[in-house]
Amino acid sequence: MAKRRKAKQRESRAPRFWGRHAVLAALDNPARAIRKLWATHDGIAGIDVPPNLPVEMAGVADLGRLVPQDAPHQGLVAEVEPLADIAIEELLADAGDGRPLVILDQVTDPHNVGAIMRSALAFDALGLVTQDRHAPPESGALAKAASGALEILPWCRVVNLARALDQIAEAGFWRIGLAGEADTDLADALGGKRIALILGAEGAGLRPNVAGHCDALARLPISGRIESLNVSNAAAIALYASATRRES
């Protein structure tokens, strides 16, 4: 598994996570530094809190003021340090076991990225690769949508996505770009090699330079009654298709 602490720590404002899944996963992650925990008595009941972690007991309404309006904090809010970066070389060093890789081209919605992380972990993906400048930072919304996957799934941010795709190809991956206008169905594009799935932002899709660095472009065979799927739904379906190919 790629080691998060080898790479240089990115500079970012300390995010606040909320909800049991996100907070408990952060507490269980030895690579995650937690600055402070706020909790209600019910929320913290039964949780093994590290003895050196500052904890402030508070009421439900007090915790509500620490997070976005109507965020379901479930009695737990944690201020955390962002995880360290992972180098693409480090991630690809673990690429020998056939697990798929997910690459996102300027998908910026934290709810979508978190949901994609959750699906990627569910289907045993190797990791997630995004561009550094056009991807959301770690946040409470992303951690909540990821439901713990943020703490487990390796996430590599790169400066140049096209260059990273070249490195991914050199590591033996067959790069499939998901594009609604493609002539080939995903099932027909899945080859015998290990698979890298590349998805673009909703509406804009894959940028031309990124599409040009794919070995194949493929579409999901959805009904003509709907124009497209949410990118997180598309990622889940593509990961399922990749998983069933591996098992067959």
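We did not get these values from a lab; they are worked out from the coordinates using the rules stated. Just so it is clear, the structure is predicted and the values come from calculations on it, not from any experiment. Cβ sites come from the backbone with ideal geometry, for glycine too, and all protein chains shown count toward neighbours.
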Under 8 Å for C-alpha pairs, at least 6 residues apart: give me the relative contact order for the stretch 77-188, rounded to a whole percent. 29
Segment Asp166-Asp97, extension gain: residue separation times 0.36 nm, minus the distance between their alpha carbons: 22.9 nm
Taking the alpha carbon gyration tensor of the stretch 89-194, what are the square roots of 5 times its eigenvalues, largest first, to the nearest whole Å? 22, 16, 15
Please compute the length gained on full extension between Thr184 and Met57, using 0.36 nm multiplied by the number of residues separating them and subtracting their Cα-Cα distance. 40.1 nm
Please list, by residue number, every one of the GluC sites (Glu not before Pro) in the stretch 178-248 that is coil in DSSP and has at most 13 other beta-carbon atoms within 10 Å. Glu181, Glu227
Phi-derived 3J(HN,Hα) across the stretch 122-138 with the Karplus relation (6.51, -1.76, 1.60, θ = phi - 60°), rounded Hz, x for Gly and Pro, is 4, 9, 6, 6, 5, x, 10, 10, 9, 6, 5, 8, 10, 9, x, x, 4
Rounded to the angstrom and largest first, Cα extents along the principal axes for the stretch 57-102 equal 49, 19, 17
If packing is taken as the average count of other Cβ atoms within 10 Å, what order do 208-221, 46-59, 167-180, 107-120 fall into, highest mean first? 107-120, 167-180, 208-221, 46-59
For Leu101, what residues show an amide H to amide H distance below 5 Å, using hydrogens built from the backbone and excluding near sequence neighbours? Leu126, Ile195, Ala196, Leu197
Relative contact order, percent, the chain [alpha-carbon distance under 8 Å, six or more residues apart]: 20
Any idea what diffusion coefficient the chain gets from Stokes-Einstein, in µm²/s, Kirkwood Rh on alpha carbon pairs, 4 °C, 1.567 mPa s? 69
From the Cα gyration tensor of the stretch 117-158, with a ≥ b ≥ c the square roots of its eigenvalues, which class applies: rounded if a/c is under 1.5, or else prolate if a/b is larger than b/c, or else oblate? oblate
Computed over all unlike Cα pairs, the Kirkwood hydrodynamic radius of the stretch 166-239 in Å stands at 12.6
What ratio of Cα Rg to 2.2 N^0.38 Å holds for the stretch 1-124? 1.20
